[in-house]
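Have a look at the structure below, then the notes.
Throughout, read-outs are computed from the coordinates displayed, never taken from laboratory work. Since we're looking at a predicted model, the values are computed, not measured. FYI the Cβ positions are ideal-geometry reconstructions off the backbone, even for glycines, and counts take in every protein chain you see.
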Amino acid sequence: MLQSLGAEPNFNNLIQGFRQRGGYGDPGPADLAELLCRLSDAWAWLEAHALIGPSAKNPPGEWQRVTSAGAEVLNDPAAVAKVWAAGRLAGDLHPALASARSNFALGDYETASFAAMKAVEVEVRRVAGLPNELLGVALMRKAFSPKDGLLRDPEAEGGEQQATADLFAGAIGAYKNPASHRTVQFDDPMEAAEVIQLADLLLRIVERAENRLRA
């Protein structure tokens, strides 16, 4: 549908146009109602993702245009992945992820992923009260150690405590440490969004640990 609209400088509601095609009184196709419902769903999706929007040439009314984001998708089929990925980050995220979110919006996925995991590292160190010299995986192992880690959940059984330590250490080792040491080719917006979501989960676990320490 977006491709069919791309050449038009502005256009009226496509759904109504389909309904009014043909001569007066001519019987429409038997499946016209179903077709219009499908087109209406697609139209609503394009509007919801800001790929089409109100036209500045013929306001007010139903006149619309392809937005700059819509034009990007038209010119680069891979850009639709950015639309899906951005939808994953549409809700609330932990405040510490503001930098990661900004870099993601700019299309700098490597920096966004690094910033997300750096935020986890910073919060773990702050809440656990550990020194700046303790970094990365070693920091996670110390903070969540089943033996004496300050951020471990004392009510969880030993295997769960170890799994949590492994989760944090693995996330930092896989997504923060490599970008600290070398250039990482990170051009998949969906993967970057999922790294940020993972960081959001880890930060909320740290937040719960901080609440336990305050209690």
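P(r) for region 109-180, from all Cα pairs and a bin width of 10 Å, is 22, 51, 23, 3 %, short bins first. Partner lysines whose Cα lies under 27 Å from the Cα of residue 82, excluding those fewer than 8 positions away in the same chain, are identified as 118, 176.
Taking N as the residue count of region 87-214, its C-alpha radius of gyration divided by 2.2 N^0.38 Å amounts to 1.04. Report note on the peptides 112-125, 41-54, 154-167, 190-203: ranked by the mean count of other C-beta atoms within 10 Å, highest first, their order is 112-125, 190-203, 41-54, 154-167.
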